[in-house]
Amino acid sequence: MPTLAQIMMGNPVVSAVYERVWRPVFTRLFSFGGPGTAEYDRAFTAYLARSGDRQILDVACGPGLYTRRLAENLTGDGRVIGIDFSKAMLDRAARGPHPRTAYVRGDAHRLPFPDDSFDTVTCFAALYLIPDPLPVVDELVRVTRPGGEIAIFTSVETQFSKLHTVQAIGAITGYHFFKPHEIPDRLHRAGIARVEQAIVDQGQFVLAHKDQG
Ligand SMILES: C[S@@+](CC[C@H](N)C(=O)[O-])C[C@H]1O[C@@H](n2cnc3c(N)ncnc32)[C@H](O)[C@@H]1O
């Protein structure tokens, strides 16, 4: 049975307000209204959106706000593919096309791409909504080419999120709080040696580098 969070992400009204209202408000909530998470997010995505002839995959792309951002400075044959399983979100993404972006409907648990396909694989603000999220981390690693990078933004368990009321809201909505070591551990288990993690208020940004092999 889909969780409340999954139902919301499939709703055309939510997808219509997602980019301009929902995501900015939610990002601020990670810092209790302060600028911390939003500022880190800007710096993180500015780094990921660096120029180059790179192939990028944006997993659980929603309406494509980061997909487009990641495409801005690409050169040569550089492309960004956004994948999401919500038709409503992808319909919104299709309204703001960019010549270097393309969208695919699919499940993050079974990415329809061969091993070692992408220079950069991102997954922002989605793992905490996915009922079985750690196998998705394995998929992100699988499709990243040796020498490539995986970038994740997701939740992290804190003193605040351990509060009973917050846990109860998480249980009702299907929102998951990751223990601080959970995502890095899974990346290490999938064969990644170098993992950088920045915990910013209620969120974590993770950058993992797949060895050249
Ligand atoms: C909160 S939105 C995040 C959108 C965008 N990445 C961002 O950072 O704003 C979460 C997205 O994850 C998608 N999603 C959730 N589970 C998924 C799955 N198993 N496969 C693909 N997409 C999924 C939802 O449809 C939704 O569009």
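The values are calculated or read from the model by the stated rules, or taken from the named source; none is laboratory data. Computed from a prediction, not measured in an experiment: that's the story for all the values here. Please note: Cβ atoms are built from the backbone with ideal geometry, for glycine as well, and neighbour counts cover all protein chains shown. In case anyone asks, the SASA skips ligands and DNA or RNA and just uses the protein heavy atoms, side chains included. Shrake-Rupley method; radii C 1.70, N 1.55, O 1.52, S 1.80 Å.
The set of residues in the stretch 16-53 being more than 22 Å from R92 (Cβ to Cβ), open to solvent by less than 20 Å² (accessible area, probe 1.4 Å), modelled with pLDDT of 95 or more and not in a helix (DSSP H, G or I) consists of G52 alone. Only one entry in A5, A16 is more than 9 Å from the ligand (Cβ to nearest atom) and in contact (Cβ under 8 Å) with a residue 40 or more places away in the chain, namely A16.
For the stretch 5-15, a tally of residues being open to solvent by less than 80 Å² (accessible area, probe 1.4 Å) and either part of a helix (DSSP H, G or I) or within 15 Å of A126 (Cβ to Cβ) (or both) returns 7. Where strands (runs of 3 or more DSSP E) fall entirely within the stretch 97-213, those with at least 3 residues that are more than 14 Å from the chain's Cα centre (by Cα) and surrounded by 13 or more Cβ atoms within 10 Å (Cβ to Cβ) are at 101-105, 144-155, 194-200.
Count of the stretch 69-96 residues, restricted to those that are outside any helix (DSSP H, G or I) and within 15 Å of the ligand (Cβ to nearest atom), is 8.
Pairs meeting the criteria (first residue in the stretch 157-174 and basic (K, R), second residue part of a helix (DSSP H, G or I) and at pLDDT 95 or above, beta carbons under 6 Å, at least 6 apart or on different chains) are lacking. Pairs meeting the criteria (first residue in the stretch 183-194 and touching a residue at least 40 places away in the same chain (Cβ under 8 Å), second residue open to solvent by less than 20 Å² (accessible area, probe 1.4 Å) and part of a helix (DSSP H, G or I), beta carbons under 6 Å, at least 6 apart or on different chains) are R186/V137; A190/V141. Would you confirm, using the coordinates I've provided, whether Y66 is open to solvent by 20 Å² or more (accessible area, probe 1.4 Å), touching a residue at least 24 places away in the same chain (Cβ under 8 Å) and within 11 Å of the ligand (Cβ to nearest atom)? Considered against the rule, which asks whether it is open to solvent by 20 Å² or more (accessible area, probe 1.4 Å), touching a residue at least 24 places away in the same chain (Cβ under 8 Å) and within 11 Å of the ligand (Cβ to nearest atom), Y66 comes out as yes. With respect to being of a type in the set (A, V, I, L, M, F, W, C), away from the ligand (no atom under 11 Å from the Cβ) and in contact (Cβ under 8 Å) with a residue 40 or more places away in the chain, V121 fits the description.
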